[in-house]
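Asks: Take this structure first; my questions come after.
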Amino acid sequence: MKGKRWELPQKFRTIYWQNFALTASIVMLTLALLGASFFALSYAYAADERSDEMAQKASVVARLVASYASSGDVRDMREMAGVAASMTDVDFLVCSTEGSVLLTTDENLVDHVLTVPSDVMETALSGERYSARTTLGGIYEGKRFVVGVPIESDIWTVGAVFAVTETGRLTTMWRAFFAMFLMTSVIVLLLSFVASAWVSMRQSRPIREMAAATRAFAEGNFDTRMHDYGAGEIGELASAFNAMADSLQETERQRREFIANISHELKTPMTSIAGYTDGILDGTIPPEKEKEYLHIISDESRRLSRLVRRMLEVSQLQSRDVMRSKAPFDVCESMRRVLISMEKKITDRGLDVEADIPDEPVTVLGDNDLITQVIYNLLENATKFARAGSTLYLGLAVTNGRAVVSVRNEGDTIPAEEIPLLFERFHKSDKSRSEDKDGVGLGLYIVKTILEQHHEHIAVTSENGLTTFAFTLSLANSLAPQP
């Protein structure tokens, strides 16, 4: 049976703990590396300083030993070595060239026959300073710090002097350095842990807040917003998230409004159809009026069909990739075709037409069918709300490297506060509801959708009974930048 793999608890997998652990690990590793380097350098420095000091003392003793040896006064030499040892923390061993210890200031070694190892003697007699932590071939029970220098007379080397001290004295300064470094490291670690915890908490707080807001969105609450975190990446993320929340809230508002509007628009003809049909079937409507109400049922059915068809058009437009279907075409020809197709409706309303369309082709870039639909919807809307006997205007002008198509009619002035609402789905003014029985309130919304997909603009002005819709198109041969 395989053992279960150990995993960290869930709470330790958060960004807070990951950042905290990463920062703490880097700080501890850095301190460890610095500590190792500092300890090595400080120990080497202390050893060198101590070695130089002991070498100087051993050299003085070596010169004195050479002087006394030449005079043959060994007793004076012993007294001199004892005085030197008492004035310092160093013991001295005076050895012959064969390594035999002739004199020692260490009381624990007096009256003992001692011999220094030959390899140690070779180094000391060669003129190179001997410096090491050693027991000197078992002379001492524990390791000592030993420095050896040769004893040189006027003619030859007669022996060597070894200065000996306990290693604890060597490491006294190093231990002080270590204690200071340890205290500093503890303070740095505590400060870094506090700083890391604070920074990690500050970084993870927006993410936790965003997660909570996302869960609220999933539950249908679009009023949740993130706090302002100022400048920087976190602030930009919070601003972008709030902008997305505003967009989602607006989309949700439009969705609810769309459902309410579509329910209302579908309910009206269906209620009429059902009511009049039931009236005919149960005899409430007299036989002589059945034909009249059957016409009403037929009109409402057609209106319902138009509404469904328009909704399908909107759905198809929203899923259509206009940028792939854009191609050069003559917008003048499209405008003429729309005028011909609208001839009967214009004539039935008793309207005149002023067409300001250039004879020469004006080639624009876009989807020909969709732009033609835009022109048709605008002209149909202008015809529907124009004053009887007035004049419609359909014109094209080229300004600043762009084509501008204008549709104008004479009628009632549209209030300024209602102009921004004209392109919303199912929007109709109260007056238009009474006059526009066949409309479903989606014509101008389709216009706006098509032009937005083309990255074009449309403007509306209504003053003194003159209402003008004007939209732009990019010329096919223009290199002007897109807005």
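The values are calculated or read from the model by the stated rules, or taken from the named source; none is laboratory data. Computed from a prediction, not measured in an experiment: that's the story for all the values here. A quick note on method: Cβ atoms are made from the backbone with ideal geometry, for glycine too, and the neighbour counts reach across all protein chains shown. Calculation scope for accessible area: heavy atoms of the full protein, side chains included, ligands and nucleic acids excluded. Shrake-Rupley method; radii C 1.70, N 1.55, O 1.52, S 1.80 Å.
Asks: Which residues, counting only those in region 457-466, are over 17 Å from residue 376 (Cβ atoms) and either surrounded by 17 or more Cβ atoms within 10 Å (Cβ to Cβ) or not hydroxyl-bearing (Ser, Thr, Tyr) (or both)?
Replies: If the condition is that a residue be over 17 Å from residue 376 (Cβ atoms) and either surrounded by 17 or more Cβ atoms within 10 Å (Cβ to Cβ) or not hydroxyl-bearing (Ser, Thr, Tyr) (or both), then 457, 459, 460, 462, 463, 464, 465, 466 are the ones that fit.
Asks: Now for a separate question. Applying the selection to region 105-125, what residues are modelled with pLDDT under 85 and either assigned to a loop (DSSP other than H, G, I, E, B) or closer than 21 Å to residue 68 by Cα (or both)?
Replies: 105, 106, 110, 111, 112
Asks: Quick one: in region 61-77, which of the residues that are in a helix (DSSP H, G or I) and surrounded by fewer than 16 Cβ atoms within 10 Å (Cβ to Cβ) is modelled with the lowest pLDDT?
Replies: By that ranking, first place goes to 74.
Asks: Restricted to region 34-60, and to residues that are under 14 Å from residue 92 (Cβ atoms) and in contact with a Ser or Thr (Cβ under 7 Å, 6 or more places away or on another chain), which residue is least open to solvent (accessible area, probe 1.4 Å)?
Replies: 54
Asks: Assess whether residue 93 counts as being modelled with pLDDT under 85 and part of a strand (DSSP E or B).
Replies: So residue 93 fails the test.
Asks: Still on this structure, I have one more. Go over the candidates 155, 151 one by one and state the one that is open to solvent by 30 Å² or more (accessible area, probe 1.4 Å), aliphatic (A, V, I, L, M) and either more than 30 Å from residue 229 (Cβ to Cβ) or within 35 Å of the chain's Cα centre (by Cα) (or both).
Replies: Matching residue, one of 155, 151: 155.
Asks: When you go through (1) within 14 Å of residue 166 (Cβ to Cβ); (2) touching a residue at least 60 places away in the same chain (Cβ under 8 Å); (3) open to solvent by 30 Å² or more (accessible area, probe 1.4 Å) one by one for residue 145, which number turns out not to apply?
Replies: If we test residue 145 against (1) within 14 Å of residue 166 (Cβ to Cβ); (2) touching a residue at least 60 places away in the same chain (Cβ under 8 Å); (3) open to solvent by 30 Å² or more (accessible area, probe 1.4 Å), just (3) comes out false.
Asks: Can I ask one more? Within region 390-400, count every residue that is small (Gly, Ala, Ser) and open to solvent by 30 Å² or more (accessible area, probe 1.4 Å).
Replies: Residues flagged as small (Gly, Ala, Ser) and open to solvent by 30 Å² or more (accessible area, probe 1.4 Å) within region 390-400 amount to 1.
Asks: Considering only region 371-381, state which residues are open to solvent by less than 10 Å² (accessible area, probe 1.4 Å) and either in contact (Cβ under 8 Å) with a residue 60 or more places away in the chain or in contact with a Gly (Cβ under 7 Å, 6 or more places away or on another chain) (or both).
Replies: Of everything in region 371-381, those that are open to solvent by less than 10 Å² (accessible area, probe 1.4 Å) and either in contact (Cβ under 8 Å) with a residue 60 or more places away in the chain or in contact with a Gly (Cβ under 7 Å, 6 or more places away or on another chain) (or both) turn out to be 371, 374, 377, 378.
Asks: Further, regarding this structure: Anything in region 104-142 that is open to solvent by 60 Å² or more (accessible area, probe 1.4 Å) and of a type in the set (A, V, I, L, M, F, W, C)? List them, or say none.
Replies: Those that are open to solvent by 60 Å² or more (accessible area, probe 1.4 Å) and of a type in the set (A, V, I, L, M, F, W, C): 110, 113.
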